[in-house]
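The values are calculated or read from the model by the stated rules, or taken from the named source; none is laboratory data. For clarity, every value in this text was computed on a predicted model and none was experimentally measured. A quick note on method: Cβ atoms are made from the backbone with ideal geometry, for glycine too, and the neighbour counts reach across all protein chains shown. Just the protein is used for accessible areas: all its heavy atoms, side chains included, with ligands, DNA and RNA removed. Shrake-Rupley method; radii C 1.70, N 1.55, O 1.52, S 1.80 Å.
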Amino acid sequence: MDTVPSNTESQPAADEAVAGNNDSTPIAAEVPMIAVTIDGIDVEVPYGTTILDAARRVGLRIPTLCHHDDLCTAGVCRICVVAVEGMRTLQAACATPVTLPVKIQTNTPAVRTARRHVVDLMLSNHYGDCTVCKRNNNCELQSLAKEYGVDYYRFGHPTEPKYAIDRSSSSVVRDMNKCVLCRRCVRTCSELQGVGALLVKGRSVRSRIATFGDKPLSSVVCVNCGQCINRCPTGALTEQDQTDEVWAMLDDPTKHVVIQTAPSPRAAIGECFGLEAGSQVTYQLNTALKRMGFDGVFDTNHTADLTILEEGTELIIRLYHALVQGDTDVALPQFTSCSPGWVKYLEHFYPHAVPNLSSAKSPMQMFGALLKTYYADKKGIDPKDIVVVALMPCTAKKFECNRPELCSSGFKDVDYALTTRELAKMVAESGIDLPHLPDSPFDEPFGDGTGSGNIFGATGGVMEAALRTVIEVVTGQKVENFFDHADILPVRGIEGARMAEIKIDEVGPVPDLFKPLVPDWDWLRGVTLRVGIVHGSANAKKVMEDIKAGGPFSKCHFIEFMACPGGCLGGGGQPIPTDATIRAKRSKAIYQIDSDFKIRKSHENPVVLQLYREFLTDGPCGHIAHHHLHTHYTPRGKFMS
Amino acid sequence: MQYIADLIGISASEVLGVATFFHFINKKPKGKFIIRLSRDMSSIMKGAKSVARQLENDLGIRFGETTPDGMFTLEWTSCIGMNYQAPAMMVNNEVFSNLTPPKVHRVIEDCRQEFNARRPTVGNVGETYANTLNYTNHEINSGLQRAVSVSPSEVIAELTVSGLRGRGGAGFPTGIKWNLAAKAKGDCKYIICNADEGEPGTFKDRIILGKYADMVFEGMTIAAYSIGAREGVVYLRWEYTHLKPHLEAVLEARRKSNLLGTDILGQAGFCFDIRIHMGAGAYVCGEETALIESLEGRRGEPRNRPPYPAERGLHGQPTVVNNVETLATLSCIIPRGAKWFSSMGTERSKGFKLFSVSGDCSRPGVYELPWGITVDQLLETVGGQGAKAVQIGGYTGQLVPARQFDRRLAYEDLGIGGSIIVYSAERDMLEVAENYLEFFVEESCGQCTTCRVGNQKLLEGIRLLQQGKCSNRYLNDLISLSETVKLASKCGLGQASPNVVIALNAHFKEEIMARPIMGAA
């Protein structure tokens, strides 16, 4: 078996931030070095480096606000101005490339006054009290005000709100009274995510961030990914907070409240308690949740494994129809459907491709469905009294769990999807000091998941988990025979869109679980399986256009799509800030946990096997599985009410 | 808008973002006749406010509204380049000047009748006084003939030696700009003629385009030859739509004479043509990078520089953006030589310049004058003796008080664009400043915090002064803020908009602080 990672020419090779920085000069092979002096410190930087980056190299901090490492340069807030020798005016450090050997000063009276004025001016239009703001203590404007010694509102301060708060969306709350017009959300939405739900409307003092036609966010094309929230420097964009509802359920003795936790928030929630990004607190979090009153704490990894079997089976069926039976109507490549942001993105922008989406529900929804059927049965609890809460890295999950089609038990599969930030708040409210808690296991009847389920949180993780299973199921051999330690490195990485090929040289016997579906694997012998991995919906757009144009991605059999940069670990519900460095640390943690697991393959998950024995008795993609674990989609298009 | 978005493959919100940036893109249905009254200081001084009241009374609506029968929409607009015949207004694309209340009443009656008769409105622009000696003496196309007889680098060298500096206001040496663009690598270089004459008080470009369009196109063609451009664009402000048919006719005639098109003047491989692109009402699009953004179909917001347009401009290609007057003037220089040009003017300000003069003077109009004359001499020429102050270089320029009238118009001293507004003794300087800042607040693109919010705060401060409610301490805060806005803003708009506040504080402090307190404390 050969595995070839292939970065196609149409795709940017550099890194995940493919959508950002598209107006900076591409770094050529040989970039001359320029010697500059910043605050008296000499440093050599490559031609075209921004003053901001040059200053960072010598340990000088220049304050920023509209700048975000994930996004293209704007240079609009003017907080980062510095004095450059020979220039009449101050220059924005984030937007000014070093092209000449100049002297730069980051701390002159004019610079300090200007920065103070910028903060004063922002505050003169920023309505709201810090003490009643979600971003209290984690607000860039607040920090700048402190840093520059703002002790009164020099140019006034609004006493009345100007705009109604838009709470229409299931995921994102927009309070434009707090907006300072840094435009990070607009750049995130249009460049990083390729959605364009937000725009700068009007000009001059009337310019403001708006939706198309000033409609409520729920009525415009928005995929609920929440990336805008993660990049908002103030409290203007926040998630739809459901902690009060969840507390009410926890406090209601008639309700059996259970929670499932996903791997990405577990690798990140420690950040809200002062821990380093990527700290592992999974089992401490279990203790916290139990102390908070949850009646059951479960690991979403189980249904991630179940997803692999259902989605993998669906792929096998599609391939069998296409390759053996010559059915040309089979929709290939098959697309993953675990990312609700991606699903809605496709429904809006590529409605014709709905048949390509796997009909498998996301792991969160599958777990919800099982909890209200299988688990309810086992425990003898009426499903109407079961409240399923999910801890997710994601704001789009809030929209997903309200989809009317996701209620196979007759009740909503999942009642509340909480973001990492919301749960951190609840933990804090409970007076629990998460980093110092003892460990607790996950509750029965599910217990621990697998490593494969865990890596769903990172870009390429779903594909790796799927390949581990496919390789073993089809070849009958251990995946370790082909990849050291079962780490399928060719699908890992941070490129925004990438491909890998796996040639199947030999096949084994069909395992029992799949016998009802295919007579043998002979038809796969010699077949090269081509897979794609895409994260960030702007990259999804590129890949979808590539498929439309018959490019390399159209030859793929299976493509993993994640709406958020970095996959779930960079989700819109994760702690703020989230940037490339932090994503890398969370990713490292997730892969580390995977490699520590005893069971690392979805098809070996004993809980999953037990489910197929006891509950989903007609096997993967059978009738029962279809009823509870699969769904359908809505081709939405772009015209909305 | 979703339809437009799908056609060009962008999101609907992006289309809305662009549409709401520009003044002349209607977002909702407006009247058959859109009346836009100019709000520049010259118009206000000459009675625009009483004209406004007449319009409101006649139409029974307020500014910003449309009559119920859908016939008329009434709006304020920034300067429309008719300051010497102020007040002035536009009805759709036609210009009406020297307005008085009885006159606008007649105009509205005419519109009603003309609409019934299905005739278009016809504006009534009077003849402008214009003293344009060198332009009049220029033999059309002699510059282009001379240019193609030598090498492109010789043309650029001649221009550099002549000392010609950009006439749009920034005063960047034209020869150096061309040289940068000539050296930059690009598949398709562009020449853009900046005809977005938005600086309140200037109208010289309108006169040039009306009378000497050939010289402008000649200048563009010389530029194309010099830097190797194949495409030229005239970015014409929407307010000058009435000039477009004339300009198109001139272009067509030039194409017929092989002065545009392929192998121009028999020079194999010298191919160049010019198209006219209409602006949509945004002062800031006179800033060259904002202009390019607008040409590319986006919101007209200035870019971060570097890179400068000469390296990466329109569609990422090397682009020269020159003002109308710069292009016309260089057409005069090339045949007569750098020496002839540089013999006029001063050490650092070579040649002559066109000035648009309006306000309190007896002979407003366009004047061609050599650099280096004093404000006093200028006032004598235009009949503006006894003035209290003169605004030199438009709203972004400098407000010069009477005791400094011995200062010279030259880059060494009052380096400027072309707009001169004369204020006589009875003018209220706070009203002047309020008008300026209203303009800048309206026309700021809104991206920089300093310009967007800073100018608003300065305007509020001027209103406090008017009400006698501004403390000395707050005035000092405003002056300090003015310095920050000038220093920290991205483009020339914010870098110059607070000038008037600083000038008032420096020259008219007694006048502005001595106001009775108005209203409740």
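Calculated on the Cα set of chain A, radius of gyration then Dmax: 25.4, 80 Å. B:ASN137 label point, 7 Å along Cα→Cβ, cut-off 20 Å on backbone N: hits in region B:158-192? Once the point is set 7 Å along Cα→Cβ of B:ASN137, B:159, B:162-165 turn out to lie under 20 Å by backbone N, inside region B:158-192.
Computed over Cα pairs, the Kirkwood radius of region A:63-110 leads via Stokes-Einstein (0.692 mPa s, 37 °C) to a diffusion coefficient of 288 µm² per second. Backbone N atoms of region B:281-297 closer than 18 Å to the 7 Å Cα→Cβ label point of B:TRP76 belong to residues B:281-284. Karplus-based coupling profile of region A:298-309, in residue order and whole Hz: 10, 9, 4, 3, 4, 7, 4, 4, 5, 4, 4, 5, with θ = phi - 60° in 6.51 cos²θ - 1.76 cosθ + 1.60 and x standing for Gly or Pro.
Accessible surface of A:VAL343, taken over heavy atoms with a 1.4 Å probe and every protein chain present, rounds to 10 Å².
Each 5 Å bin from zero holds the following percent of Cα-Cα pairs in region A:103-185: 3, 13, 20, 25, 17, 10, 6, 4, 2, 1, 0. Interface between chains A and B: roughly 3800 Å² of accessible area buried, both sides summed (probe 1.4 Å, protein heavy atoms only).
Shown are B:ARG312, A:ARG183, whose ranking by accessible area with a 1.4 Å probe and every protein chain present, most to least, is B:ARG312, A:ARG183. Loop-located GluC sites (Glu not before Pro) across region B:133-228 with a Cβ neighbour count of 11 or fewer within 10 Å are B:GLU139, with loop assigned by DSSP.
The mean number of partner chain beta-carbon atoms within 10 angstrom of a residue's beta-carbon across peptide A:113-124 is 6. The mean count of C-beta atoms from other chains within 10 Å of the C-beta of residues in A:205-214, rounded to a whole number, is 5. Counting only DSSP H runs of at least 4 residues, each contributing -39500 (n - 2.57), and dividing by the residue count of the protein assembly as shown, the helix-based mean residue ellipticity at 222 nm comes to -10000 deg cm²/dmol. Computed extension length for A:TRP523-A:GLN592: 21.2 nm, one decimal, from 0.36 nm per residue of separation with the Cα-Cα distance subtracted. The candidates A:THR99, A:THR395, arranged from most to least accessible area with a 1.4 Å probe in the full protein assembly, appear as A:THR99, A:THR395.
Note on region B:31-117: antiparallel DSSP beta bridges, both residues inside, total approximately 55 percent of the bridges counted.
The accessible-area loss of region A:147-196 on complex formation, taken against its chain alone with a 1.4 Å probe, reaches 50 Å² or more at A:PHE155, A:ARG183.
Computed from the Cβ-Cβ distance with R0 of 41 Å, the FRET efficiency linking B:GLU511 to A:ASN107 stands at 0.60.
Surface composition of region A:327-375: carbon and sulfur make up 54 percent of the accessible area, probe 1.4 Å.
Candidate cross-link partners of B:LYS350 among the lysines, defined by an alpha-carbon separation under 26 Å and a same-chain spacing of 8 or more, comprise B:LYS177, B:LYS183, B:LYS204, B:LYS211, B:LYS339. Rounded to the nearest 0.05, the FRET efficiency derived from the C-beta distance between A:ARG613 and A:LYS638 at R0 = 45 Å is 0.50.
Separation of the alpha carbons by more than 31 angstrom is noted, of A:LYS397/A:LYS542; A:LYS290/A:LYS598; A:LYS162/B:LYS509, for A:LYS162/B:LYS509.
The DSSP beta bridges internal to the protein assembly as shown are antiparallel in roughly 50% of cases. Starting from the Cα gyration tensor of region B:142-343, take the square roots of the eigenvalues, sort them a ≥ b ≥ c, and report rounded, prolate or oblate (rounded when a/c is under 1.5, otherwise prolate if a/b is larger than b/c, else oblate). It comes out rounded by the Cα gyration axes.
What does the C-alpha gyration tensor say about the overall shape of region B:355-424? Classify as rounded when a/c is under 1.5, otherwise prolate if a/b is larger than b/c, or oblate. Rounded, because the longest to shortest axis ratio a/c is under 1.5.
Largest to smallest in accessible area, the residues B:SER362, A:SER440, B:SER50, B:SER43 fall in the order B:SER362, B:SER50, A:SER440, B:SER43 (1.4 Å probe, all protein chains included). Within the straight-line cut-off of under 20 Å between alpha carbons, the lysines reachable from A:LYS541 are A:LYS344, A:LYS555, A:LYS638, sequence neighbours fewer than 8 places apart in one chain being disregarded. Among the GluC sites (Glu not before Pro) found in region B:269-315, those both in a DSSP coil and sparsely packed, with 16 or fewer other Cβ atoms within 10 Å of their Cβ, are B:GLU296. Each Lys or Arg adds one and each Asp or Glu subtracts one; over the other residues with Cβ under 14 Å from the Cβ of B:ARG62, this totals -2.
Rolling a 1.4 Å probe over the protein heavy atoms leaves A:ARG78 with an accessible area of roughly 10 Å².
When the alpha carbon gyration tensor of the protein assembly as shown is reduced to an equivalent ellipsoid, its three semi-axes come out at 63, 33, 28 angstrom, largest first. By the compact-protein rule of thumb, 2.2 N^0.38 Å, the alpha-carbon radius of gyration of chain B corresponds to a ratio of 0.97. Quick check: the angle from helix A:109-123's long axis to the longest principal axis of chain A, C-alpha only, nearest 10 degrees? The two axes meet at around 60 degrees.
Taking a ≥ b ≥ c as the square roots of the eigenvalues of the alpha-carbon gyration tensor, region B:429-514 is classed prolate because a/c is 1.5 or more and a/b outweighs b/c. Computed from the C-beta positions of B:SER342 and A:GLU245, the FRET efficiency with R₀ = 60 Å rounds to 0.15. Of the residues A:VAL257, A:THR617, A:GLN242, the one whose Cα sits farthest towards the positive end of the charge dipole of chain A is A:GLN242 (charges of +1 on Lys and Arg Cβ, -1 on Asp and Glu Cβ, taken about the Cα centre). A simple spin-label model places the labels of A:ARG61 and B:ALA249 6.7 nm from each other, with each point 7 Å out along Cα-to-Cβ. Here the alpha carbons of region A:134-239 define both size measures, Rg and Dmax, at 14.2, 42 Å. In this rough spin-label picture, where each label sits 7 Å from Cα along the Cβ direction, the A:LYS290-A:GLU276 distance is 2.8 nm. Here's the list of aspartates and glutamates a cross-link from B:LYS256 could span, going by alpha-carbon distance under 15 Å and ignoring same-chain residues fewer than 8 apart: B:ASP214, B:GLU218, B:GLU248, B:ASP273.
Heavy-atom accessible area for B:CYS470, with the other protein chains in place and a 1.4 Å probe, reaches approximately 10 Å². Positive end of the dipole of chain A (Cβ unit charges, origin at the Cα centre): among A:MET392, A:PHE553, A:VAL172, the Cα lying farthest that way belongs to A:VAL172. Label point of B:GLN145 set 7 angstrom out along Cα-Cβ; within region B:322-342, amide nitrogens under 17 Å from it belong to B:331-337. Taking the charge dipole of region B:1-110 about its Cα centre, with +1 at Lys and Arg Cβ atoms and -1 at Asp and Glu Cβ atoms, the residue from B:ASN92, B:MET45, B:PRO102 reaching farthest to the positive side is B:MET45.
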